[in-house]
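Written out below as structure tokens is the structure these notes cover.
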Amino acid sequence: MLKAEVSRRKAIVGASAAAVAAFIPNIFSSAAAWGARPDGKVIEPGRVIAFLRRGNIRWAKGKPIRWSYAPKGAKAIDGQWPIAAVLGCADSRVQPDELFDLTPANLFVVRNAGNVVDDDVLGSLEYAVEHLGVQVIVVLGHSLCGAVKASEATLASGVMPGGHVTGLVERILPALKGLPAGHTLAEAVSANSVQSSIQLLDQSDILKEAFDKGELIITHGVYDLATKKVSLS
Ligand SMILES: [Zn+2]
């Protein structure tokens, strides 16, 4: 990994880590740090991350409660006020709403094979930040990711897959090329998530500006299919 990437990664991790211990049962506060919801309540970004962690713990233990922070009743159709955005893989075994134990309308989810960054992803996440008040973006890789596996195969053989899958692989490959020889698939998945986190800031002036102003936290993690646990950085 390049030096600049390492230092950027530290910045991202540092920003998100500060929030983790902030969990209290009621995450709503009166502080004006959040986009105006119809019920007038706001949620601080640090607490959002803490609640995602706790939701995943419930899910991993097999004790989900299907929590919701979204407005209820008639207010629910007035608009959407998701508490976070997720850039995740399209893999059918990975359902962000469920694995964070949330009901619909709580997460703004953007997915593609390999959770790669492209123009449509950037546009979607910029919309979430600018127009929906999202202040937390989670880049979520997962164990045994087929897109990363395919990229590993290309790295080893030099043979690109056919069709538009080539485009996905081309976006993942730079993350793998920075890893030492003999690295594991798990390390490749993690590196790919880190790369996407960095690219969100490098390729979007809107996300970068929000990040620099302290109005956006970008964190990354990996969902383990076997344990159902998310390891957020
Ligand atoms: Zn995948």
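Could you tell me which of rounded, prolate or oblate describes region 149-190, using a ≥ b ≥ c as the square roots of the eigenvalues of the alpha-carbon gyration tensor, with rounded for a/c under 1.5 and, failing that, prolate when a/b is larger than b/c and oblate otherwise?
Working: a/c = 2.19, a/b = 1.75, b/c = 1.26.
The shape class here is prolate.
Two decimals is fine: what is log10 I(q)/I(0) at q = 0.10, 0.11 Å⁻¹ for region 80-223, from a Debye sum with one equal scatterer on every Cα and no solvent?
For region 80-223, the Cα-only Debye profile gives -0.33, -0.40.
Label region 138-223 by shape, choosing from rounded, prolate and oblate, from the square roots a ≥ b ≥ c of the eigenvalues of the Cα gyration tensor; if a/c is under 1.5 it is rounded, and otherwise prolate applies when a/b is larger than b/c, oblate when it is not.
Here region 138-223 falls in the prolate category.
If r is the Cβ-Cβ distance from L155 to R93 and R0 is 30 Å, what FRET efficiency results, to the nearest 0.05?
My answer for the efficiency is 0.80.
In whole Å, what is the distance between the alpha-carbon centres of region 182-196 and region 151-174?
15
Report ³J(HN,Hα) in whole Hz for each residue of region 98-107, in order, from the Karplus equation J = 6.51 cos²θ - 1.76 cosθ + 1.60 where θ = phi - 60°; Gly and Pro get x.
The phi angles translate into 5, 6, 9, 6, 10, 7, x, 5, 9, 10 Hz.
How would you rank 141-148, 91-98, highest first, on the average number of other Cβ atoms within 10 Å across their residues?
Those peptides, ordered most packed to least, come out 141-148, 91-98.
Run the quick spin-label model on E130 and D118: label points 7 Å from Cα toward the beta carbon, then report their separation in nm to one decimal.
It is 2.1 nm.
Only the coordinates and a few stated rules stand behind these numbers; no lab work does. This is a predicted model, so every value here is computed, not measured. All Cβ positions, glycine included, derive from the backbone under ideal geometry; neighbour counts span all protein chains shown.
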